[in-house]
Each structure stands twice: as structure tokens, then as C-alpha cells.
Amino acid sequence: MAGHAGQARTAAAAARRAFWRHFGLIDDDAATEVGPAFAGGPRWPSIRHGWVIIRRPGSVIVASDGLSDPDAERPEYRTGHDGELFVEIADRNSIDLPAAVLAATPAVQALRQVADAMVEQDRSIADRHRRWGLHTMSVTVSALPQRWQGPDGTLGVLIGKRSPELPIELELPAGTVRIAALTPMTPAETAAVLLDWEGRARGAAAAAMDRSGSGHLFDLERR
């Protein structure tokens, strides 16, 4: 049984790598963390916390790499949390940063927090999108420009903004999973979302991102 689970994880990881190779060069220095759950951290489906970095002309993508692993302890979770999350950064000061430095940027800090929150909430990424489409979360990151900080110092992120180049789904051997971008929201956009129970403010924020030309990018230069 353990051998079968290991084979399933290996197949899922290979499929994710093959997917990302279509969109850039994979940086072999991306991190794999084993065991945060043993120190009281969130437990990803296969214990392993993985990240993949994709270098593209003019941008860099950092994506979770393991949220969609099969869960050996819960066989019904054949695709883990049914998705992976990513940020795409086009800031010229960031795109060539080595992996260890890139990990400290607000974008990647936000990515890590949202990924862990999804795990802690035991939520399916694909199911959240089926129910609500775009959704939001607040994160606390360091080195965040003041104009992006809400009254409590947090940053709001929009989850699931469409990219014109990247598909929203990834086929794994065990099934289809969702690929969801994280995009920063201004404090005004975040406040509007919190006051809007019908979800229109999320669409308005997404439209503002498109008008600015930033789209799904994690762009802290957006006005």
C-alpha cells in the first residue's frame, strides 16, 4: 500500500513538472520542505511541502507543488486539495532573484500563507472555485509597501484571477485539479470585498487589475 502511494505521488509530481515546462524553465533550486507538520505546522497531503519556480522571459512563477498530491492517510483524497496555487511576478528587480531570496518576497510569503491556510481549513481549491469563483484571503507579510497595507497591516489577495496564457486546470493521473493565481488587492479593494456579501466587489477588483494592465500578476507597482 505504501509503495502504491509513493508511486501515485511520483506520478502526480511528474505531471505537474511536465505542465509547468510548457511555460518556462524550471529552476532546480526551488525548495522542498519535509516535515513542517511534525513541528506543529499544517500537514500537506504527502507531508512534503514543495515549491516549483518557473523562469519565463520577463517574469517568474512560483507555484505550490504538493497540494494536489494523493493523501496516503485518506485514500479518497486522490488529488489532495484538488489544486495548486501560484504567483507570477514581472517586477524586473525580482525576476532574476535566486530561489532563497525570492522566497522572502511579499508575493511568495503570501503564496505560502494561503497554501497553508487552504490545508488548515481542509478545503478543496477546485470546490471553492466551483462555489464562489473568485475568492479572497488576507495575509500578513513583511517588506510590504505601506500603501498596500490595510488598517490592520494585512494584505488582501484575490485567488483565481484568470491568466490569458495559463490554463485553469491541470490533468494529473488521478484526476483534474485547479491552478489558481494569487493577485494583490489594494486596501480599498479589500475593504469593498469585506462589505459586499454578493461578491460583486471581487469582480470589480479583477476588472481594475485588467484595466491597469497587471491582470493576474502579483504586481505591487499597480496603481
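The values are calculated or read from the model by the stated rules, or taken from the named source; none is laboratory data. Quantities reported herein were computed from a predicted structural model and do not represent experimental measurements. Don't worry about glycine lacking a Cβ; one is built from the backbone with ideal geometry, like all the others, and counts go over all protein chains shown. Only protein heavy atoms, including side chains, enter the accessible area calculation; ligands, DNA and RNA are left aside. Shrake-Rupley method; radii C 1.70, N 1.55, O 1.52, S 1.80 Å.
Structure values in brief
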| item | result |
| --- | --- |
| Top-ranked residue of the stretch 106-131 - restricted to ones that are assigned to a helix (DSSP H, G or I) and polar (S, T, N, Q), ranked as least open to solvent (accessible area, probe 1.4 Å) | Q109 |
| Looking only at the stretch 48-92, and only at residues there that are more than 23 Å from T183 (Cα to Cα) and open to solvent by 40 Å² or more (accessible area, probe 1.4 Å), the one that is modelled with the highest pLDDT | R78 |
| Evaluation of A201 against (1) of a type in the set (A, V, I, L, M); (2) part of a loop (DSSP other than H, G, I, E, B); (3) farther than 23 Å from Q121 by Cα (one fails), failing number | (2) |
| Search result, residues across the stretch 156-198 that are assigned to a loop (DSSP other than H, G, I, E, B), of a type in the set (S, T, N, Q) and more than 19 Å from S59 (Cβ to Cβ) | T186 |
| Subset of the stretch 143-167 [of a type in the set (S, T, N, Q) and under 18 Å from the mean Cα position of the chain (by Cα)] | T154, S163 |
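Here's the yes/no breakdown for (1) among the small types (G, A, S); (2) crowded, with 19+ Cβ neighbours inside 10 Å; (3) at pLDDT below 95:
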{"position": "V139", "(1), (2), (3)": "no, yes, no"}
{"position": "Q149", "(1), (2), (3)": "no, no, no"}
{"position": "G153", "(1), (2), (3)": "yes, no, no"}
{"position": "G156", "(1), (2), (3)": "yes, yes, no"}
{"position": "E171", "(1), (2), (3)": "no, no, no"}
{"position": "A180", "(1), (2), (3)": "yes, yes, no"}
{"position": "P187", "(1), (2), (3)": "no, no, no"}
{"position": "E198", "(1), (2), (3)": "no, no, yes"}
{"position": "G213", "(1), (2), (3)": "yes, no, no"}
